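Data block below; observations after.
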Amino acid sequence: MFVVATAGHVDHGKSTLVRALTGMEPDRWAEERRRGMTIDLGFAWTTLPSGGTVAFVDVPGHERFVPNMLAGVGPVPAALIVVAADEGWMPQSAEHLAALDALGVAYGLLAVTRADLADPGPATARARAEIAETSLGAVPAVAVSGLTGAGLPQLRAALDRLAAQLPAPALDDPVRLWVDRSFTVRGSGTVVTGTLGAGRLRVGDELELAGADEPVRVRGLHSLGEARPEAAAVARVAVNLRGTPRDRLGRGDALLTPGRFRHTDLVDVRLAGDPAADLPATLTLHVGSAAVPVRVRPLGPDTVRLRLARPLPLLVGDRALLRDPGRHHVSGGVRVLDVAPPPLGRRGAAAARAQVLAELDGRPDLAGELRRRRLIRAGALIRMGVPVHAEPVAGDWLADPAHWRRLGEQLAEEVARHAREHPLEPGMPVDALRQRLALPDRVLVEALVRPPLRIHAGRVGAASANALPEPVALAVQRVRAEYGDRPFRAPEADRLVDLGLGPREIGAAVRAGALLRLADNVVLLPDALDDAVRVLAGLPQPFTLSAARQALDTTRRVAVPLLELLDRRGATRRLPDDARIVVT
Ligand SMILES: Nc1nc2c(ncn2[C@@H]2O[C@H](COP(=O)(O)OP(=O)(O)OP(=O)(O)O)[C@@H](O)[C@H]2O)c(=O)[nH]1
Ligand SMILES: [Mg+2]
């Protein structure tokens with residue numbers, strides 16, 4: 001199936017032509033038929049000579065209903081521009097064409113209707129010249145009469161040729177079905193319709209709906225008036241939603257593949273049309289079937305920031321249109337450059353932002369996004385419309401490579417600084433590092449730790465467990481120098497103070513294995529234990545405390561806790577009479 005939207009001035013014969021081609025009535029409302037004027041969108045379809053199907057979205061031409069027209073053409077990639085031979089080019093011919101151009105519609109046909117009333121030549125020439133200046137370029141033209149049927153076979157053949165030119169739909173893309181109608185069917189509940197421009201829909205699918213806490217479920221699908229289990233783009237579809245009240249959604253809402261879109265009310269865009277400086281402060285943004293008032297803040301000559309009155313599911317690269325409803329003026333198309341732009345708080349931020357935007361063209365650019373955002377979750381990028389084809393640095397975090405390198409260096413510096421300021425702590429707590437580096441997630445700190453640093457017990461420090469803060473290492477060295485030849489003499493408490501070995505320093509040295517603590521303020525060098533066992537083994541067994549004290553050339557202050565430690569370690573055993581033996 002392919003979908004074409006009509007376009008053209010009021011009363012130029014759009015609906016008559018659609019009726020003649022399809023045998024279906026596009027003007028659905030009694031009021032439309034009574035007034036002989038299209039008010040809202042109409043839908044009809046027919047089979048072409050090739051066997052393919054064309055579905056029409058028939059739009060109103062009256063100037064009052066341009067917003068309805070825009071809701072119809074927004075999601076449709078091809079246009080049938082209708083100009084009456086007897087009236088020629090008129091204001092809404094121009095306004096509709098400006099809208100198609102702003103949206104970047106590149107495929108179209110010109111039908112010059114009412115050719116039974118006047119020579120179609122002049123209207124054709126003027127219209128082709130106008131159209132040639134737009135995104136549609138040179139289009140085929142067919143003169144027709146909805147009344148006599150003249151030209152209809154040629155128009156059908158031209159529609160077939162147009163269909164053959166259209167690019168293949170992106171069937172694997174996520175679904176963003178802009179709702180153009182919603183109604184209730186007795187017994188089925190809420191039904192919405194729209195033009196499915198990409199992706200597939202199946203009965204049973206879960207879809208996201210802005211403002212709904214839970215996904216909505218597709219209960220039934222219709223296309224071209226028939227129930228189907230599945231619909232693939234491009235297609236006109238009617239979706240029956242389970243358990244979604246009718247008032248929950250309407251024109252301008254969108255049904256979305258879950259996890260693939262973010263609703264945003266702030267976007268930076270490039271203008272194709274009026275310069276930024278000429279835009280009024282408020283305009284209406286039309287995208288898909290939505291129309292939302294926006295506040296316009298110029299940034300660069302052709303870039304502006306738009307603050308939307310309500311959030312929309314927009315992606316980088318989306319095309320939209322700005323219109324001044326008061327003046328009936330299409331200000332031009334916009335291309336979405338950023339759907340999550342940074343705030344512009346400080347002075348000069350707007351100018352700096354304009355420079356950044358000058359480099360962007362709306363094509364999703366992973367490397368550029370990473371450079372600008374430095375660290376971001378893969379899911380967040382995907383929801384901006386930026387495909388992710390890079391390895392995460394940790395979890396689902398992606399990082400700009402240069403920024404990641406800098407973070408690694410910063411982490412090493414912070415750990416070194418922390419070691420200097422807190423020489424006795426065994427490393428810097430991971431959470432303190434996370435805060436210092438302003439990282440949003442602990443896993444990022446963990447991923448940044450590389451040898452010789454390591455994480456131990458929630459702290460980042462040097463990999464070597466023996467590394468001692470310098471003052472403590474020096475003190476231990478002096479203990480070694482002074483006591484190396486009398487290893488069972490422990491420095492007295494005042495000597496420890498002189499050496500700068502307070503309880504915290506001793507704790508650090510003991511944790512590092514540089515000192516052995518027997519009791520408060522009683523420390524030996526760590527090799528003393530093995531030496532003591534050797535000396536004691538040379539004594540007649542069993543031996544007394546006093547014999548041990550003499551053999552070790554030490555005092556009770558050391559001997560008592562030393563023997564108790566050896567008992568606990570199973571190197572000696574205490575007998576019932578308090579004598580001991582060395583266990584061999
Ligand atoms: N003689 C003649 N009259 C036509 C032809 N096409 C349309 N008309 C008449 O022109 C009037 C307007 O036709 P519509 O088809 O309603 O025009 P429209 O473009 O759909 O109008 P809107 O939807 O209101 O913008 C009707 O009275 C039609 O009968 C044609 O090819 N020949
Ligand atoms: Mg009509």
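The values are calculated or read from the model by the stated rules, or taken from the named source; none is laboratory data. The shown structure was predicted, so the numbers you read here are calculated from the model rather than taken from an experiment. Note: ideal-geometry Cβ built from the backbone for every residue, glycine included; neighbour counts use all protein chains shown. The protein model used for the area step is the full one, side chains on, heavy atoms only, and it has no ligands, DNA or RNA in it. Shrake-Rupley method; radii C 1.70, N 1.55, O 1.52, S 1.80 Å.
In the chain, taking the dipole from charged Cβ atoms about the Cα centre, the farthest positive-side position among A132, I581, T244 is held by I581. What FRET efficiency would be calculated for the residue pair Q355, D396, taking the C-beta separation as r and a Förster radius of 22 Å, to the nearest 0.05? For Q355 and D396, the calculated efficiency is 0.15. Projecting the Cα positions of V185, F43, Q154 onto the charge dipole of the chain (unit charges on Cβ atoms of Lys, Arg, Asp and Glu, taken about the Cα centre) puts V185 furthest along the positive direction.
Between the Cα long axis of helix 120-132 and the first principal axis of the chain there is an angle of about 10°, rounded to the nearest 10. Of the peptides 187-194, 236-243, 484-491, 497-504, the ranking by mean beta-carbon count within 10 Å, highest at the top, reads 236-243, 187-194, 484-491, 497-504.
Measuring with a 1.4 angstrom probe and ignoring ligands and nucleic acids, I506 comes out at about 0 Å² accessible. Taking 0.36 nm per residue of sequence separation and removing the Cα-Cα distance, the D485/A519 pair yields an extension gain of 10.1 nm. Using alpha-carbon positions, what is the distance between the centroids of segment 137-162 and segment 1-52, in Å? Here the answer is 15 Å between Cα centres. By accessible area, using a 1.4 Å probe on protein heavy atoms only, segment 438-540 has 53% of its surface on carbon and sulfur. Each residue of segment 406-412 is assigned a 3J(HN,Hα), and the resulting list reads 4, 4, x, 5, 4, 4, 4 Hz, derived from the Karplus form 6.51 cos²θ - 1.76 cosθ + 1.60 (θ = phi - 60°), x at Gly and Pro. Here the translational diffusion coefficient of the chain follows from Stokes-Einstein with Rh set to the Kirkwood radius across Cα pairs; for 37 °C and 0.692 mPa s it amounts to 109 µm²/s.
Surface exposure of the chain, expressed per residue as accessible area with a 1.4 Å probe, stands at 46 Å². Taking +1 at the Cβ of each Lys and Arg and -1 at the Cβ of each Asp and Glu, which of G220, T544, L433 sits farthest along the dipole of the chain towards its positive end, judged by Cα position relative to the Cα centre? Sorting the options by dipole projection puts first T544. Charged side chains reduced to their Cβ positions (Lys and Arg at +1, Asp and Glu at -1) give the chain a dipole of some 1020 debye around its Cα centre. When the solvent-accessible area of segment 73-155 is split by element, carbon and sulfur atoms take up 56 percent of it, the probe being 1.4 Å. Between segment 346-408 and segment 486-526, what's the alpha-carbon centroid distance in Å? If we compute the Cα centre of each part, the gap is 54 Å. In this structure the amide hydrogen of Y107, modeled in the peptide plane, comes within under 5 Å of the amide hydrogens of A79, none closer than 5 places in sequence on its chain.
Dividing the mean sequence gap of close Cα pairs (under 8 Å, 6+ apart) by how many residues segment 539-581 holds gives a relative contact order of 47 percent. Contact order, relative form, for the chain: 8 percent (alpha carbon pairs under 8 Å, 6 or more residues apart, mean separation divided by residue count). Cβ-Cβ distance of E133 and R186, R₀ of 51 Å, FRET efficiency by 1/(1 + (r/R0)^6): the value works out to about 0.55.
Angle of helix 91-103 to the longest C-alpha principal axis of the chain, folded into 0 to 90 degrees and rounded to 10: 30°.
Using R0 = 41 Å, the C-beta based FRET efficiency linking T282 and R454 works out to 0.10.
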